[in-house]
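For reference, the structure is listed below as structure tokens.
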Amino acid sequence: MGQSEYDVARLTVRLGAIQENYRTCARLAGHAAAAGVVKADGYGLGALQSTRALLAAGCDTFFVARLEEGIAIRPVAPKSRIFVLDGARAESVPALVAHNLTPVLNSLDEIALWSAGARGRDAAIHFDTGLSRLGLPPSELAILAAETGQRLAGINLVLVMSHLACAEDPASPMNREQLSRFRAGLAQLPPAPASFASSGGIFLGEDYAFDMVRPGIALYGGNPQAGKAMAVAARLTGRVLQLRRVDKGESVGYGATFRVERPMRLATVALGYADGLLRALGNRGAGAIGGRKAPIVGRVSMDLMTLDVTDIPALAPGAEIELLGDTILLDDVAAAAGTAAYEVLTRLGGGRVARVYEGTP
Ligand SMILES: *Cc1c(COP(=O)(O)O)cnc(C)c1O
């Protein structure tokens, strides 16, 4: 939904913060190149705008999940390498070729398809090292390793990659385990640039950087590890529709899940789960006015939510409330809702919230 003078809910995207976060990731990656992951409409913040901002910050390689996402950003990044994580299917080969998109091949079948259908063209190979999600399983990697000459004929291998399962937890033994599996796999394949680290992996140290890192959430302000302060890139605000006093004994919201224990002042804000505000934040999250926090009381409903503003004086209908931003931090929102920063952000895209961009890419 576009910007209009009537917009009550806004997602303000700070392109400068995305650029700053990109530079932070690139610096941490040392000699490795830093790509930008702009899948899921740039984690809900806008794939086209994020891609332009990243390009201006020096990024020239992008990752998307879907073919359509690659086609969508191609016009704004005409010369960049764009990897499609979903891989290649018979139906998608012509479009991959037409838009000069580089598939990340995830199985022997996909490798055979690309080798036959896109002779000599670039591709990446993804093999699984413990996530058991996408990429060649160990059995297929062994076959590929034994028959590289034949199976990779006609493919210009530009990247070999894998993905970490527990990168946000530096203490997890999974990280080292996957690292040794990744190294063993690379040793069996023809030499090619390697990529292993997403945002979390970047903070695990240089061992994990290889030739290219693939940050996503960190670009958009999510902190892979506590205390690593990425710049705030997204600010969600809504407006107060109504203020009311409630007395001890009354209840707030659907299901009467909040019982009033003392006289309170409540602000009803025009933001609900249909705007992407997670319903799980009911009775758990908070909003902020002028840097002061106010707890969410009662359930978040479709169009509305209610804040306890008893301790915040001089509030009037129309006041702007922050639900995500500099005071209400992304990672805190995710923790309060029992989810990940990824879900908090991606829910905000495409709904009723107007996206407003600050900074010129
Ligand atoms: C989404 C994704 C990334 C980016 O991950 P973040 O945790 O957001 O940095 C990197 N690589 C792959 C394979 C992905 O699916």
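Table for the structure above
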{"item": "Among residues of segment 137-152, those that are in a helix (DSSP H, G or I) and open to solvent by 30 Å² or more (accessible area, probe 1.4 Å), counted", "result": "10"}
{"item": "Every pair of residues 6+ apart whose Cβ atoms lie under 7 Å, when the first sits in segment 162-178 and is under 18 Å from V213 (Cβ atoms) while the second is more than 14 Å from the ligand (Cβ to nearest atom) and in a loop (DSSP other than H, G, I, E, B)", "result": "C166/S172"}
{"item": "When residues of segment 187-209 are limited to those that are farther than 17 Å from L85 by Cβ and buried (at least 22 other Cβ atoms within 10 Å of the Cβ), the one nearest to the ligand (Cβ to nearest atom)", "result": "I202"}
{"item": "Subset of segment 275-297 [farther than 17 Å from R265 by Cα and hydrophobic (A, V, I, L, M, F, W, C)]", "result": "L277, L278, A280, L281"}
{"item": "Residue match in segment 125-136 (condition: within 25 Å of the chain's Cα centre (by Cα) and in a helix (DSSP H, G or I))", "result": "no"}
{"item": "Residue count, segment 99-123 (criterion: under 20 Å from G149 (Cα atoms), within 16 Å of the ligand (Cβ to nearest atom) and not in a helix (DSSP H, G or I))", "result": "6"}
{"item": "Any hit, segment 323-338, residues being farther than 23 Å from A40 by Cα, among the polar types (S, T, N, Q) and away from the ligand (no atom under 16 Å from the Cβ)", "result": "yes"}
{"item": "Matching residues in segment 58-77 - criterion: being within 19 Å of A26 (Cβ to Cβ), open to solvent by 10 Å² or more (accessible area, probe 1.4 Å) and away from the ligand (no atom under 14 Å from the Cβ)", "result": "G58, D60"}
{"item": "Qualifying helices (runs of 4 or more DSSP H) (wholly inside segment 1-98; at least 1 residues being modelled with pLDDT of 95 or more, closer than 30 Å to R239 by Cβ and under 15 Å from the mean Cα position of the chain (by Cα))", "result": "15-28, 39-43, 47-56"}
{"item": "Tally of residues being surrounded by fewer than 19 Cβ atoms within 10 Å (Cβ to Cβ) and either in contact with a helix residue (DSSP H, G or I) (Cβ under 9 Å, 6 or more places away or on another chain) or under 19 Å from R52 (Cβ atoms) (or both) across segment 82-91", "result": "2"}
{"item": "Among residues of segment 167-186, those that are crowded, with 18+ Cβ neighbours inside 10 Å and over 21 Å from A142 (Cα atoms), counted", "result": "3"}
{"item": "Subset tally (residues that are aliphatic (A, V, I, L, M) and surrounded by fewer than 23 Cβ atoms within 10 Å (Cβ to Cβ)) for segment 282-296", "result": "3"}
{"item": "Per-region count, segment 179-207, residues assigned to a helix (DSSP H, G or I) and more than 22 Å from the chain's Cα centre (by Cα)", "result": "12"}
{"item": "Within segment 85-98, considering residues that are within 13 Å of the ligand (Cβ to nearest atom) and in contact with a strand residue (DSSP E or B) (Cβ under 6 Å, 6 or more places away or on another chain), the one farthest from P173 (Cα to Cα)", "result": "G87"}
{"item": "Residue count, segment 272-281 (criterion: surrounded by 23 or more Cβ atoms within 10 Å (Cβ to Cβ) and more than 15 Å from A334 (Cβ to Cβ))", "result": "1"}
{"item": "Residue that is open to solvent by 30 Å² or more (accessible area, probe 1.4 Å) and within 20 Å of I155 (Cα to Cα), where the choices are H99, H126", "result": "H99"}
{"item": "All positions within segment 340-361 that are in a strand (DSSP E or B), in contact with a helix residue (DSSP H, G or I) (Cβ under 7 Å, 6 or more places away or on another chain) and surrounded by fewer than 16 Cβ atoms within 10 Å (Cβ to Cβ)", "result": "E358"}
{"item": "Flag if L304 is open to solvent by less than 50 Å² (accessible area, probe 1.4 Å), out of contact with any Pro (no Cβ under 6 Å at 6 or more places or on another chain) and touching a residue at least 24 places away in the same chain (Cβ under 8 Å)", "result": "no"}
{"item": "Segment 313-339: number of residues that are in contact (Cβ under 8 Å) with a residue 24 or more places away in the chain, more than 14 Å from Y273 (Cβ to Cβ) and part of a loop (DSSP other than H, G, I, E, B)", "result": "11"}
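Let's see how each residue does on (1) within 11 Å of the ligand (Cβ to nearest atom); (2) of a type outside the set (A, V, I, L, M); (3) modelled with pLDDT of 95 or more; (4) touching a Ser or Thr at 6+ places or on another chain (Cβ under 6 Å):
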| residue | (1), (2), (3), (4) |
| --- | --- |
| H126 | yes, yes, yes, no |
| A142 | no, no, yes, no |
| R151 | no, yes, yes, no |
| M174 | no, no, yes, no |
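The values are calculated or read from the model by the stated rules, or taken from the named source; none is laboratory data. Here the structure is a predicted model, which is why all the values come from computation and not from measurement. Reconstructed Cβ throughout: ideal geometry from the backbone, glycine too, with neighbour counts over all protein chains shown. What goes into the accessible areas is simple: the full protein's heavy atoms, side chains included, and nothing from ligands, DNA or RNA. Shrake-Rupley method; radii C 1.70, N 1.55, O 1.52, S 1.80 Å.
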